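Colleague: One structure is given below, represented as structure tokens, and several questions about it will come after.
The values are calculated or read from the model by the stated rules, or taken from the named source; none is laboratory data. None of these values were measured; they are calculated from a predicted model. Positions of Cβ are backbone-derived with ideal geometry, glycine not excepted, and every protein chain shown enters the neighbour counts. The area values use the complete protein model at the heavy-atom level, side chains included, leaving out ligands, DNA and RNA. Shrake-Rupley method; radii C 1.70, N 1.55, O 1.52, S 1.80 Å.
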Amino acid sequence: IIQGYDGKFSHFGSFSAKTLDFDMAIGDTIVAARDGIVAKVMVKHNKQGTTEAFKKFGNYIMIYHADNTFSQYVHLKQNGNLVNVGDTVKANQPIALSGFTGMTTLPHLHFGVYKSTKNGLESIPVILDSIPANTLKRGNIITKK
């Protein structure tokens with residue numbers, strides 16, 4: 001974990017406060033956290049920087065889930081999608097390759113789960129491998145048993 005909930009660099013405001021950043025090398029395979037349907041894919045960019053102006057260049061995939069939530073995977077490699085809009089995906093299915101796009105200081109996966117509100121999407125806390133994400137701190141390593 002390189003940035004957790006309410007992080008000082010970019011995890012603030014209702015859209016990003018409850019999101020997580022995972023250290024990843026460029027080209028690492030990203031898998032779906034849960035079953036769902038691919039709702040959005042943006043993978044055309046190949047720009048990276050550390051200012052707000054670079055936010056619009058963050059490649060991403062968004063997946064819709066049966067409980068009316070969405071998960072988003074950001075900073076993907078240019079043309080690094082392994083799925084397309086409308087595809088049905090299963091948990092642990094490869095969906096993309098990690099990259100170094102958008103507003104970021106180093107390659108990583110920015111991951112969030114969202115619920116719809118009257119003001120748009122809002123990030124919500126998650127549980128990863130039975131570990132409540134709010135207990136994860138910078139430097140934690142999650143391993144599958």
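Colleague: Kindly indicate the residue of the stretch 18-34 that is out of contact with any helix residue (DSSP H, G or I) (no Cβ under 7 Å at 6 or more places or on another chain) and part of a strand (DSSP E or B) and also farthest from PHE111 (Cα to Cα) among those meeting that condition.
Modeller: It comes out as THR29.
Colleague: Suppose we keep only residues that are among the small types (Gly, Ala, Ser) and in contact with a Phe, Trp or Tyr (Cβ under 7 Å, 6 or more places away or on another chain) within the stretch 22-39. Which one would you say is most open to solvent (accessible area, probe 1.4 Å)?
Modeller: This residue is ALA39.
Colleague: In the stretch 47-97, what count of residues is obtained for those that are of a type outside the set (Gly, Ala, Ser) and in a helix (DSSP H, G or I)?
Modeller: Of the residues in that region, 5 qualify.
Colleague: Please work out which one of (1) modelled with pLDDT of 90 or more; (2) assigned to a strand (DSSP E or B); (3) touching a Lys or Arg at 6+ places or on another chain (Cβ under 8 Å) is the condition ILE37 fails and give its number.
Modeller: (3)
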